[in-house]
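Chemist: Here it is, the structure, as structure tokens.
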Amino acid sequence: MSVQSPEIAIPITSAAQAEFDHQIIEELSRVAAPLAEHLGLALGHFARGQIVWLAPDGHCPCVHATEELIPCLNGAPPEGRRSEIIDVLTEGKSVGKIVLCGRVQDAPVLLSMRRLVELIIHQIDLQKDQEALLQELSASWDSLAAVYEISSDLRWLESPQELLDRIVSRATAMREGLRAILWLEQGGQLEPVAVKNVAPPAPRSAHVGLVGKALKEQREIVINGRARLTAAIEELEPELRTAANVAITPVATRQGLLGALEVWQEDDQGAFDSRITRLMETLALQAAMVIENDRLHRALIESERLRQQVEIGSKIQQTLLLGQPPRDLQGAHIAALTIPSQRIDGDFYDFITHRQHCFDVIIGDVMGKGIPAALLGAATKSHFLRAMSQLISVASGAKLPRPDEIVTLVNAELAERLIRLESFVTVCYARFDLERRQLDLVDCGHTKTIHLHSEKGTTTLLQGDSMPLGFSKSEQYEQLSFPFQIGDVFVFYSDGLTEARNASGDFFGEQRLAELVHAHGDQSPEALIEDIRSAIVAFSGSETFADDLTCVVIKIGRETEEAPLAHSELEISSDLSNLGRARAFVREVCQDLSRPPLDEDHTHQLELAVNEAASNIMRHAYGGRPDQPIQIEADVFADRIVIRLSDWGVAFDPDQVAPPRFDGSQEGGFGWFIITQSFDEVKYARDEQGKNCICLTKYLHSGKGGSDHGTERRTDR
């Protein structure tokens, strides 16, 4: 916001006019008067109601006449006489006249004398302009000095109050006897934030007095003279009632007015000139900078405090709303992902393991976002656990309560509260019985579950007809049952996933999601979830989404997982000097744990590949930091060796690695090439805790320690 030019300008004082008149008379007396007298011309200077004859002519009757009777000034010279009247101007205003008078026959001489007088006046005016320029340069120099002085203070004064006090002190140092107040406007009130040479005044309305006038009209006000001051406004501020000269400069930034700098003097030691007003403008800008920076700093602190609170809330959300997938299930592998739209959201999921071959999955979505939705999500999840406990306690024997019984009880307890809150919750409750190979599903208005049939290579969408929780207390929930086989994949998700939009406004949609699951369903759940996330980011062109995005993937495996014949682990730091320990670990696995042991060529091949994998983690995932952990695990089976390297560094995208060029035109890509050529299967994934894992599988020849699949290597993410 720009402040307008001053409403009350600094007037030309009578002292300044008298000085100008004196300079003209002095120069005319020195140069023009002797020549006029020699030529028989009358030369007079008229100003402020009186005329001074510098070169009187006895033949001119005007030299003895009063002002009113001088006919030349009225445009009617006496008979036989000719006159030249020259206006004396300063700042566009007439401050006097020069009178030249002579005989009619002396007209050429009069014109020459007129040019001489005009040159003299012009010279004096130039001198005056030079003096004004010097004064302006002096004002600019004072302003620059003030900027430097205050800016230097910024480097060592920590308190904004100290800086504001320094600015006000600098304002009163312009002249002896000055007093100053720096006002800050807050909610229609003026608060004095810094004062000098005056007792701190009480807060007052921002709409009264000269300060109020300057703020209202966004104008600098400068008044010189007690009479002009009392005439400027009906009621002066208390501190100005004995003031002689006053200057008020608004303190403003582009965002708006912040307050005003008020300076005045009680003894008239001279008018407030451009030097003082320019310096006040500079100090007002400095004050605005200090005040605005302090406000921004306070806002930053408050923003950081809120960010920390949200961060804590987000961590609490991870505990209250997002359950951890069970890792010890026999016959199923689970991975989960959630991307909140506001760091804290209303999506939730949980897993309940009943026995080794039976577990429940609960996934829900609360209408709305943010903390209110998260609180409702936590309450809903808690009611499911409570309902499960209540039904088990009243059940006979070891019979588990059915999913539809659990959902019906939860709705009965929550419906009235949700209706009062004008909210609802969509839920999908799924029970997996791995022995019977059956899914029991209760769908409460949630998104359709995707079922990938591994044997047929087809996908179906599973959906029930029940209403969301909170629609009706008497709702009866229907339980549906579906068979499944080993290798089948189930994908549960929230509508934030399918309703993600691209730049054209199109939805990602369940059909596109089903096709993605069909194309990548042979991967691990972690890799499939990462593919889903990457596909949505690529589709929408953003890492953030308008709605919460949640996805749970379950892959059915063998009922009894094959136990390894041998297992070994090693943890090293990310120092390059530890690569030798990693190679030694691989040699021990290949030679001592494998039965029969691998031959020397294949052992060296795996050593080199693991060396490359560990080196990539050290250099790229950890960016060269030598103190980060790398876990290496090895499982030896009858037909294969599986080696896993885990880290918590920057994620790696195998798809972005360009194949090596053996003509020397490209340096990169050889490490990943060595890894993929040395192992028969290479899988890379990142879990929800931020752990990266590269899983390397080498199949063994019976009795030879070679590879049965040397030409059928597979690389998965």
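Chemist: Residue 284 passes all but one of (1) at pLDDT 80 or above; (2) of a type in the set (A, V, I, L, M, F, W, C); (3) not assigned by TED's automatic domain parsing to the domain that holds residue 162; which number fails?
Modeler: Checking residue 284 against (1) at pLDDT 80 or above; (2) of a type in the set (A, V, I, L, M, F, W, C); (3) not assigned by TED's automatic domain parsing to the domain that holds residue 162, the one that fails is (3).
Chemist: Then there is this: Among the listed residues 415, 387, identify the single one that is in contact with a helix residue (DSSP H, G or I) (Cβ under 6 Å, 6 or more places away or on another chain) and in a helix (DSSP H, G or I).
Modeler: Details: 415 fails: in contact with a helix residue (DSSP H, G or I) (Cβ under 6 Å, 6 or more places away or on another chain).
None of the others qualify; the one that does is 387.
Chemist: Which condition breaks for residue 403 when tested against (1) touching a helix residue (DSSP H, G or I) at 6+ places or on another chain (Cβ under 9 Å); (2) of a type outside the set (Lys, Arg); (3) under 23 Å from residue 332 (Cβ atoms)?
Modeler: The failed condition is (1).
Chemist: Hey, residue 626 hits all of (1) surrounded by 15 or more Cβ atoms within 10 Å (Cβ to Cβ); (2) within 49 Å of the chain's Cα centre (by Cα); (3) not small (Gly, Ala, Ser) but one; which does it fall short on?
Modeler: All conditions are met except number (1).
Chemist: Another one. Working only within segment 374-422, note down all residues that are at pLDDT 85 or above and of a type in the set (Val, Ile, Thr).
Modeler: 380, 406, 407, 408, 410, 419
Chemist: State whether one or more residues within segment 602-621 are in the same structural domain as residue 681 (by TED's automatic domain parsing), over 17 Å from residue 694 (Cα atoms) and assigned to a loop (DSSP other than H, G, I, E, B).
Modeler: no
Chemist: Among the residues of segment 222-280, how many are in a loop (DSSP other than H, G, I, E, B), within 21 Å of residue 174 (Cβ to Cβ) and of a type in the set (Val, Ile, Thr)? Show your work before the answer.
Modeler: Keep residues of segment 222-280 that are in a loop (DSSP other than H, G, I, E, B), which gives 225, 233-237, 241-244, 254-255, 266-273.
With the extra rule that they be within 21 Å of residue 174 (Cβ to Cβ), the set shrinks to 225, 237, 242-244, 266-273.
Next, from what is left, pick out any that are of a type in the set (Val, Ile, Thr): 242.
Looking only at that region, the number is 1.
Chemist: Taking segment 629-646 as the search range and keeping residues that are out of contact with any helix residue (DSSP H, G or I) (no Cβ under 7 Å at 6 or more places or on another chain) and aliphatic (A, V, I, L, M), which one is surrounded by the most Cβ atoms within 10 Å (Cβ to Cβ)? Explain how you work it out, then say what you get.
Modeler: First pass over segment 629-646, keeping only residues out of contact with any helix residue (DSSP H, G or I) (no Cβ under 7 Å at 6 or more places or on another chain): 629, 631, 633, 635, 637-640, 642, 644, 646.
Filter once more, so that each one left must be aliphatic (A, V, I, L, M): 638, 642.
Numbers: 638: 10, 642: 19.
Looking at the filtered set, the residue picked out is 642.
Chemist: Let me ask something else about it. Please find, within segment 176-214, the residue that is surrounded by the fewest Cβ atoms within 10 Å (Cβ to Cβ) out of those that are farther than 22 Å from residue 162 by Cα and among the hydrophobic types (A, V, I, L, M, F, W, C).
Modeler: Ranking the qualifying residues of segment 176-214, first place goes to 208.
Chemist: Test each condition in (1) under 24 Å from residue 520 (Cα atoms); (2) in contact with a Lys or Arg (Cβ under 6 Å, 6 or more places away or on another chain); (3) not small (Gly, Ala, Ser) for residue 556 and report the one that comes out false.
Modeler: Against the list (1) under 24 Å from residue 520 (Cα atoms); (2) in contact with a Lys or Arg (Cβ under 6 Å, 6 or more places away or on another chain); (3) not small (Gly, Ala, Ser), residue 556 comes up short only on (2).
Chemist: Is it true that residue 189 is at pLDDT 90 or above and not hydrophobic (A, V, I, L, M, F, W, C)? Even if it seems obvious, please write down each step before you answer.
Modeler: Details: at pLDDT 90 or above: yes; not hydrophobic (A, V, I, L, M, F, W, C): yes.
Spelling it out, residue 189 is indeed at pLDDT 90 or above and not hydrophobic (A, V, I, L, M, F, W, C).
Chemist: Pick out the one residue from 615, 594 that is touching a Gly at 6+ places or on another chain (Cβ under 9 Å), buried (at least 18 other Cβ atoms within 10 Å of the Cβ) and of a type outside the set (A, V, I, L, M).
Modeler: Details: 615 fails: buried (at least 18 other Cβ atoms within 10 Å of the Cβ).
After ruling out the rest, the residue left standing is 594.
Chemist: Still on this structure, I have one more. Sort through 690, 664 and tell me the only one that's modelled with pLDDT under 85, in a loop (DSSP other than H, G, I, E, B), under 41 Å from the mean Cα position of the chain (by Cα) and over 19 Å from residue 611 (Cα atoms).
Modeler: Working: 664 fails: under 41 Å from the mean Cα position of the chain (by Cα).
Result of the check over 690, 664: 690.
Chemist: Now for a different question. Please specify each residue of segment 103-162 satisfying the condition of being at pLDDT 55 or above, surrounded by 14 or more Cβ atoms within 10 Å (Cβ to Cβ) and outside any helix (DSSP H, G or I).
Modeler: Of everything in segment 103-162, just one residue is at pLDDT 55 or above, surrounded by 14 or more Cβ atoms within 10 Å (Cβ to Cβ) and outside any helix (DSSP H, G or I), namely 103.
Chemist: Right, here's the next one. Is there a residue in segment 204-214 that is at pLDDT below 90 and part of a strand (DSSP E or B)?
Modeler: Among the residues of segment 204-214, not one is at pLDDT below 90 and part of a strand (DSSP E or B), which makes the answer no.
Chemist: In this structure, is residue 226 charged (D, E, K, R) and in contact with a strand residue (DSSP E or B) (Cβ under 6 Å, 6 or more places away or on another chain)?
Modeler: Numbers: charged (D, E, K, R): yes; in contact with a strand residue (DSSP E or B) (Cβ under 6 Å, 6 or more places away or on another chain): no.
Criteria not met by residue 226.
Chemist: I've got another one for you. Here are some conditions: (1) under 26 Å from residue 327 (Cα atoms); (2) in contact with an Asp or Glu (Cβ under 7 Å, 6 or more places away or on another chain). Residue 369 meets all but one. Which one does it not meet?
Modeler: (1)
Chemist: Something else about it: Being assigned to a helix (DSSP H, G or I) and touching a residue at least 24 places away in the same chain (Cβ under 8 Å) is the filter; apply it to segment 390-405 and report the residue that is surrounded by the most Cβ atoms within 10 Å (Cβ to Cβ). Before you say what the answer is, go through the steps one by one.
Modeler: Applying the first criterion (assigned to a helix (DSSP H, G or I)) to segment 390-405 yields 390-394, 403-405.
Retained after the next criterion (residues that are touching a residue at least 24 places away in the same chain (Cβ under 8 Å)): 403-404.
Working: 403: 21, 404: 19.
Among them, the one singled out is 403.
Chemist: If you check residue 647 against the conditions, is it more than 28 Å from residue 533 (Cβ to Cβ), of a type outside the set (Phe, Trp, Tyr), under 41 Å from the mean Cα position of the chain (by Cα) and at pLDDT 90 or above? So that I can check it myself, show each step before the final result.
Modeler: On the way: more than 28 Å from residue 533 (Cβ to Cβ): no; of a type outside the set (Phe, Trp, Tyr): yes; under 41 Å from the mean Cα position of the chain (by Cα): yes; at pLDDT 90 or above: yes.
No, not satisfied.
Chemist: Report, ordered by the first and then the second residue, all pairs with beta carbons closer than 7 Å, sequence separation of six or more or different chains, a first member in segment 369-386 that is closer than 15 Å to residue 406 by Cα, and a second member that is among the aliphatic types (A, V, I, L, M) and at pLDDT below 85.
Modeler: The qualifying pairs are 381/321.
The rows are residues; the columns are (1) farther than 14 Å from residue 364 by Cα; (2) of a type in the set (A, V, I, L, M, F, W, C).
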site: 385; (1), (2): no, yes
site: 390; (1), (2): yes, no
site: 399; (1), (2): yes, no
site: 405; (1), (2): yes, no
site: 409; (1), (2): yes, yes
site: 441; (1), (2): no, yes
site: 449; (1), (2): no, no
site: 463; (1), (2): yes, no
site: 477; (1), (2): yes, no
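Chemist: Considering only segment 72-102, how many residues are part of a strand (DSSP E or B), charged (D, E, K, R) and touching a residue at least 24 places away in the same chain (Cβ under 8 Å)?
Modeler: Of all residues in segment 72-102, those part of a strand (DSSP E or B) come to 81-90, 93-102.
Okay, now just the ones that are also charged (D, E, K, R), so 81-82, 84, 87, 93, 97.
Going one step further and asking which of them are touching a residue at least 24 places away in the same chain (Cβ under 8 Å), we end up with 82, 84, 93, 97.
Going through segment 72-102 one residue at a time, the tally reaches 4.
Chemist: Let me ask you something else. For residues that are assigned to a loop (DSSP other than H, G, I, E, B) and hydrophobic (A, V, I, L, M, F, W, C), tally how many sit in segment 563-591.
Modeler: Of segment 563-591, the ones assigned to a loop (DSSP other than H, G, I, E, B) are 563-565, 574-575.
Filter once more, keeping what is hydrophobic (A, V, I, L, M, F, W, C): 563, 565.
Residues that pass the stated criteria total 2.
Chemist: Only one of these is modelled with pLDDT under 75, loosely packed, with under 14 Cβ neighbours inside 10 Å and either in contact with an Asp or Glu (Cβ under 8 Å, 6 or more places away or on another chain) or of a type in the set (Lys, Arg) (or both): 14, 5. Name it. Working first, answer last.
Modeler: Working: 14 fails: either in contact with an Asp or Glu (Cβ under 8 Å, 6 or more places away or on another chain) or of a type in the set (Lys, Arg) (or both).
Result: 5 is the single residue among 14, 5 that is modelled with pLDDT under 75, loosely packed, with under 14 Cβ neighbours inside 10 Å and either in contact with an Asp or Glu (Cβ under 8 Å, 6 or more places away or on another chain) or of a type in the set (Lys, Arg) (or both).
The values are calculated or read from the model by the stated rules, or taken from the named source; none is laboratory data. Just so you know, these numbers come straight off a predicted model, no measurement behind them. Positions of Cβ are generated from backbone atoms using ideal geometry, with glycine treated the same way; all protein chains shown enter the neighbour counts.
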